[in-house]
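Input: a single structure, listed below in structure tokens.
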Amino acid sequence: MKKIWGNTGGLKAGHMRRLEKLYGRRVPGDHLLTFEIAREISELSRELRRQIGLLVNRMGKVAYVIVGDHHKIVIPVTDEYRMAPGRLKGVRCIHTHLNDEPLTEDDCTDLELLRLDIMAAITVSEKGRPDSVFMGHILPETNKGKAYRLLPPADPHHLDINCLEMIQAIEAELAGQTNLRDAGSGKERALLVSVTTASKKEAMDNLDELRELAFSCNIAVSDVIFQKRRKVDSKFLMGLGKLQDLYLKALQDAVSLIIFDQELNPSQIRAITDQVELKVIDRTQLILDIFAQRAHSREGKLQVELAQLKYLLPRLVVKNTAMSRLTGGIGGRGPGETKLEINRRRARDRITRIEKELKRVKKQRKQQKTRREKREIPVVSIVGYTNAGKSTLLNTMTKSSVPAENRLFATLDPSSRRLRFPRDIEVIITDTVGFIKDLPKDLVTAFMATLEELESADILLHVIDISNPRFEKQISSVEKILSDLSLDRIPTIRVLNKQDVVDPETTRALCRRLDGIAVSARKSATLVMLMEKLSNTIGES
């Protein structure tokens, strides 16, 4: 463990020894600090003309000794002290001020951002003696926009301030607020963030979809943050000051997760998580998380794991708390390699094994396709945007009971059912995983074995939720994916679902404009025209 942090350049050996002796010192009971230690750091600070800081943990041990410059100290990263909603950091910061000033704006910002137990500044006299001690602590409720309280200056001879009792009382109130927010929900709380150059309307549409994805992942959304910029910051997406404001809001709202609508590259995740001591993920990771929850078949689980590993591989870094949702099972330590190298090697080895297994799956699918072709059974594949009603339509058409929910990606593993038409025509109806705008490329690659099943389809039923205000963009997204997969050559029937919740005149206009057939997928009586169209199309092929 490093004993001295900060700028030690130019310090004499005698000063270094005195600083090192501070490390590990004990503060008794409920004292903020002892007068003896306060005097020692004040004398050192005056001699060196630099601020000296200490981080003291709740056991009363000096865990960090920090050397700053004349105006400030820089608090090191303290990963071993990580707070959670309703909790503080677990360390208090006491440092010297050479300019006879109370807590500065920087001090108060560190107090808020790092959720320190207490921030204190000892003013140092010209003779190197501790003069006054200024303190502040986090407030459970914000006070006129401030999330902290400044206490009256204290005498350095009397620093028995019931320190631990005060910290525990603050945490009890913070925990009470967190429990009130989350009572009965059992959900993780998240802030949704979009930083974009696009129009506000487009950004809010995307955030609405991100909110639906969060709901599908059983995440409670605390708030939605939108920032329009002329140019997105290459390091943090938003400015550092805005990022700090976002972090403060997350802490005040007892949020444990920040979800960005934009995909974050590895360096951005590292830069943001260095500033924000919360889990940070992006839209792609959220979708991967949903897929990981929903995959039930062995093939589906393999496909999801492959997508996760391909996404995580370039993002495997030594310090990366943002990966904690998704990196379980990858890691370890061995002779001759760092943990990072082992993580990467194991990930690459696992990717190779999964790809081999999925090749076998692809071969089996080809064999199944050959058998179907020999029997000349037509295949109808249902495609469409996620949550458009594809599984519900399959259930109603075939009188089956494939699980269907009103949430994104309720269906992940494909399902097939037989359907017999009155003219003794038999077909296989296949339900597929739903598409989504900007479907992560790693997912498209991983699910290629499943998506290639669509190549054997004789007809595609493109299900469109016309009650969704974003349905036109959803149509474009689905058709782009079909085109990218070279499936746009297959005859397609547009099925305009949820006609029962749309004005009849609007429905009729949409049927004409989109050349589609309106249905309510839950009601078999509304499927007559669709079944006739499907039967005729199959008979003609």
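The values are calculated or read from the model by the stated rules, or taken from the named source; none is laboratory data. As the structure is a prediction and not an experimental result, all values here were calculated from the model. Methodologically, a virtual Cβ is constructed for each residue, glycine included, from the backbone with ideal geometry; neighbour enumeration extends over all protein chains shown.
Could you please find all residues in the range 458-500 being surrounded by fewer than 18 Cβ atoms within 10 Å (Cβ to Cβ) and among the aliphatic types (A, V, I, L, M)?
LEU485, ILE490, ILE493, listed by residue number.
Hey, ARG39 hits all of (1) assigned to a loop (DSSP other than H, G, I, E, B); (2) out of contact with any helix residue (DSSP H, G or I) (no Cβ under 9 Å at 6 or more places or on another chain) but one; which does it fall short on?
Against the list (1) assigned to a loop (DSSP other than H, G, I, E, B); (2) out of contact with any helix residue (DSSP H, G or I) (no Cβ under 9 Å at 6 or more places or on another chain), ARG39 comes up short only on (1).
Being at pLDDT 85 or above, closer than 23 Å to PRO469 by Cβ and crowded, with 18+ Cβ neighbours inside 10 Å, is that true of even one residue in the range 160-169?
Looking through the range 160-169, none of the residues is at pLDDT 85 or above, closer than 23 Å to PRO469 by Cβ and crowded, with 18+ Cβ neighbours inside 10 Å.
Is there any pair linking a residue in the range 349-361 that is within 14 Å of GLN308 (Cβ to Cβ) to one that is aliphatic (A, V, I, L, M) and not in a helix (DSSP H, G or I), with Cβ under 8 Å and at least six apart or on different chains, and which?
From residues that are within 14 Å of GLN308 (Cβ to Cβ), the pairs are ARG350/ILE330.
Can you pull out every residue in the range 523-541 that is farther than 16 Å from LEU461 by Cβ and in contact with a helix residue (DSSP H, G or I) (Cβ under 9 Å, 6 or more places away or on another chain)?
LYS523
Tell me which residues, restricted to the range 112-134, are at pLDDT 90 or above and buried (at least 20 other Cβ atoms within 10 Å of the Cβ).
Those that are at pLDDT 90 or above and buried (at least 20 other Cβ atoms within 10 Å of the Cβ): LEU116, ASP117, ILE118, MET119, ALA120, ALA121, ILE122, THR123, VAL124, PRO130, VAL133, PHE134.
Determine, yes or no, whether ILE269 is under 27 Å from TYR81 (Cα atoms), assigned by TED's automatic domain parsing to the domain that holds ARG211 and within 15 Å of the chain's Cα centre (by Cα).
yes
In the range 458-474, what count of residues is obtained for those that are farther than 11 Å from VAL383 by Cα and not aromatic (Phe, Trp, Tyr)?
Final tally of qualifying residues: 10.
Which pairs turn up if I take residues in the range 441-467 that are more than 25 Å from LYS533 (Cα to Cα) and look for partners that are modelled with pLDDT of 70 or more and among the aromatic types (Phe, Trp, Tyr) with beta carbon separation below 6 Å, at least 6 apart in sequence or on another chain?
Final answer for the pair search is ASP442/TYR311.
Can you pull out the residues in the range 512-528 that are in a helix (DSSP H, G or I) and under 15 Å from ILE475 (Cα atoms)?
Within the range 512-528, ARG513, LEU514 qualify.
Which condition number in (1) at positive phi; (2) surrounded by 12 or more Cβ atoms within 10 Å (Cβ to Cβ); (3) not polar (S, T, N, Q) is the one that GLY29 fails?
Result: GLY29 fails condition (2) only.
With the checklist (1) under 14 Å from the mean Cα position of the chain (by Cα); (2) of a type outside the set (Ser, Thr, Tyr); (3) at pLDDT below 85; (4) outside any helix (DSSP H, G or I) in hand, flag the one item ALA250 doesn't pass.
Answer for ALA250: the failing condition is (4).
Count, please, the residues in the range 224-247 that happen to be more than 17 Å from the chain's Cα centre (by Cα) and among the hydrophobic types (A, V, I, L, M, F, W, C).
Counting residues in the range 224-247 that are more than 17 Å from the chain's Cα centre (by Cα) and among the hydrophobic types (A, V, I, L, M, F, W, C) gives 2.
Would you be able to tell me the number of residues in the range 272-301 that are within 15 Å of the chain's Cα centre (by Cα), over 27 Å from LEU114 (Cβ atoms) and without any contact (Cβ under 8 Å) to a residue 40 or more places away in the chain?
The qualifying residues number 1.
Quick check on my filter: what residues within the range 191-246 are in a helix (DSSP H, G or I), closer than 23 Å to GLN293 by Cβ and of a type outside the set (A, V, I, L, M)?
Within the range 191-246, ASN206, ASP208, GLU209, ARG211, GLU212, PHE215, SER216 qualify.
For (1) buried (at least 21 other Cβ atoms within 10 Å of the Cβ); (2) of a type outside the set (Asp, Glu); (3) under 24 Å from ARG315 (Cα atoms); (4) out of contact with any Pro (no Cβ under 9 Å at 6 or more places or on another chain), each residue gets a yes or a no:
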residue	(1), (2), (3), (4)
ALA203	no, yes, no, yes
LEU213	yes, yes, yes, yes
GLY241	no, yes, no, yes
GLN244	no, yes, yes, yes
PRO266	no, yes, yes, no
GLU277	yes, no, yes, yes
